[in-house]
Structure formats: C-alpha cells, structure tokens
1. How many residues are away from ligand 1 (no atom under 14 Å from the Cβ), in a loop (DSSP other than H, G, I, E, B) and out of contact with any strand residue (DSSP E or B) (no Cβ under 9 Å at 6 or more places or on another chain) if we restrict to the range 80-100?
2. Please state which one of 126, 103, 75 is in a loop (DSSP other than H, G, I, E, B) and over 26 Å from residue 214 (Cβ atoms).
3. Just to be sure I understand the filter: pairs with C-beta atoms under 8 Å, separated by 6 or more residues or on different chains, first member in the range 142-153 and within 14 Å of ligand 2 (Cβ to nearest atom), second member at pLDDT below 85 and in a loop (DSSP other than H, G, I, E, B). Which pairs pass?
4. Out of 93, 122, 108, which single residue is within 30 Å of residue 38 (Cα to Cα) and at pLDDT 95 or above?
5. Considering only the range 188-201, state which residues are buried (at least 20 other Cβ atoms within 10 Å of the Cβ) and more than 16 Å from the chain's Cα centre (by Cα).
6. What residue, of 61, 34, is more than 15 Å from ligand 1 (Cβ to nearest atom) and surrounded by fewer than 21 Cβ atoms within 10 Å (Cβ to Cβ)?
7. Among (1) touching a residue at least 12 places away in the same chain (Cβ under 8 Å); (2) surrounded by fewer than 21 Cβ atoms within 10 Å (Cβ to Cβ), there is one condition residue 11 misses while meeting the rest; what is its number?
8. Does the range 28-45 contain any residue that is part of a loop (DSSP other than H, G, I, E, B) and modelled with pLDDT under 95?
Ligand code: Z5A
Ligand code: MG
C-alpha cells in the first residue's frame, strides 16, 4: 500500500477537440491505479449534474442559450464541484481532470460574439488551481482526421484555430502571472505534441506527472486560479 501524500496533486489535461485528452486521462488513471497511487477522476463538463444536463443539451444543439449564459453555466458546473476537489486533494488523493477553466475561456473567447477574454476569465477566478496543466497541442487539420470530429457544435476548423490561439495566450499569461510571486505557487503549464501515437504521448505525460505523485506529496497549499 502506497503512503498517502500530505496533499494530492491537481493535474488538468487541456487541449483542442480530439487532441486525445480523454484517452490520455484514462491511460494516466490506469498508470496511477496500477501503482496503488490514490487518484480520483473528474471531467468537465460534468454532464450528470442538473447544470451539466443543460450544458449537454446545448452542446448537442438540442437547446440554444446566449453565449454569456452558457459560459456562466460551464463555470457554475466547476464551482459546484470545487469543494469536493479541495476535500479530495486535502485527503491526500490526486485528481486527474479532463478539461477545466482553460477550456471555458478558450471556447467562449473564440466565438464570433467576441466576448472579451477578461470577462471570460472572471467567473473562474479563485477556483482551486491545478498544480500541473498538460496542454495537448494538435493542428486542427490533424484533429479533424480523428474519430467523432464534427459531432458537436464547436468542432469546426476555423473555430478550433481560434481556440488554439487563445490557449497560447493563456499559456503565456499563466507563465507570466506568477512572475512577481514565488515561482512555486504558479501552476506548471506543459505543452505536449499530441499529434504522435497514443503510447508516445502517454510516455511524455508520465515524465511530467511522476514528480507530482511522489509519496512525499505536495507540501504547498492548494492555489487559487489567477490570484
Ligand atoms: N467546453 C466549453 O465550451 N467550456 C467549458 O468550460 C468546458 C468545455 C469545460 C465538449 O467537451 C465541449 O465543451 C468542447 C469544449 C466545450 N467542445 N466541443 N465541441 P468534451 O470534453 O465533452 O468533448 P469530448 O466529446 O470529450 O471530445 P474531446 O474532448 O474533444 O476529445 P478528446 O478527449 O480530446 O479526444 P479522445 O476522445 O481521447 O480521442 C478522440 C479520438 O481520437 C478517438 O477516436 C481516439 O481513439 C482518437 N485518438 C486519441 N488519441 C490519439 C492519437 N494519439 N492518435 C490517433 N488517434 C487518437
Ligand atoms: Mg474528451
């Protein structure tokens, strides 16, 4: 039985549609579980909650909502699980999370309605911050060749190109935000070339994750997004 760390690590997988986030989240989860490392999985949107059901209906184009409203619902969907995330981490269990606030900002800020980036970021300010963001990068062209592309409303190449640009901006800002603070309080953002085989991407992910899931655990307190 592995020793429980002082607190668990919060690991978020982000990236464009079909970059392989869910595939890699499942692989990572398996890898951790096979080593008896305590871990819990979250996925956003969490389509099970009442708010998540509204989001699901919107994504499947079964209902229509104002761009601001759907953005706030995505954020509320994270807030309704924020206390659970904290409890899990404080109990010494790691979290692997498939998409988080970065998806929220990237998708809304890329819409033709041109909602300002800062407006998009505001509702998620002070959510539990990840310790590690694994950003899976892929060209929209390559993503298009993968299974299931185009089934939901945001999966068009032009939109995906804009989404990629907003992710790049967030990466720069996430790296810069902490420059006046202790660097150890900054979430670590790692960009991974997701255009390679599932195995190669998984191997690289493990190289970045392993230092975060040591028995000694994470000693710094849980951070707050953009604070
Ligand atoms: N959204 C938002 O607007 N605001 C928010 O706050 C949040 C989300 C949280 C649904 O999300 C939408 O919600 C999404 C963003 C928006 N946009 N759209 N549309 P979702 O997470 O539920 O989406 P999804 O249905 O899980 O798809 P995905 O995340 O886009 O895919 P993925 O998880 O990145 O990829 P995958 O399912 O692992 O793999 C896709 C296919 O590629 C599959 O057939 C795999 O077998 C294959 N695959 C995976 N990896 C590889 C490699 N390496 N090589 C070849 N083939 C591969
Ligand atoms: Mg997915």
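1. Going through the range 80-100 one residue at a time, the tally reaches 2.
2. Values: 103 fails: in a loop (DSSP other than H, G, I, E, B); 75 fails: in a loop (DSSP other than H, G, I, E, B).
Testing whether each residue is in a loop (DSSP other than H, G, I, E, B) and over 26 Å from residue 214 (Cβ atoms) leaves just 126.
3. Taking only residues 6 or more apart or on different chains, the pairs are 143/149; 149/155.
4. Numbers: 122 fails: within 30 Å of residue 38 (Cα to Cα); 108 fails: within 30 Å of residue 38 (Cα to Cα).
Being within 30 Å of residue 38 (Cα to Cα) and at pLDDT 95 or above holds for just one of 93, 122, 108, which is 93.
5. Narrowing the range 188-201 to residues buried (at least 20 other Cβ atoms within 10 Å of the Cβ): 189, 192, 194, 201.
Once the filter is applied, which keeps residues that are buried (at least 20 other Cβ atoms within 10 Å of the Cβ) and more than 16 Å from the chain's Cα centre (by Cα), the range 188-201 yields only 201.
6. Values: 61 fails: more than 15 Å from ligand 1 (Cβ to nearest atom).
Exactly one of 61, 34 is more than 15 Å from ligand 1 (Cβ to nearest atom) and surrounded by fewer than 21 Cβ atoms within 10 Å (Cβ to Cβ), namely 34.
7. That leaves (2) as the condition not met.
8. Narrowing the range 28-45 to residues part of a loop (DSSP other than H, G, I, E, B): 35-38, 44-45.
Keeping just the survivors that are modelled with pLDDT under 95 gives none.
No, every residue in the range 28-45 fails to be part of a loop (DSSP other than H, G, I, E, B) and modelled with pLDDT under 95.
The values are calculated or read from the model by the stated rules, or taken from the named source; none is laboratory data. In this text the structure is predicted, and so the values were computed from the model without any measurement. Heads up, the Cβs are rebuilt from the backbone with ideal geometry, glycines too, and the neighbour counts pull from every protein chain shown.
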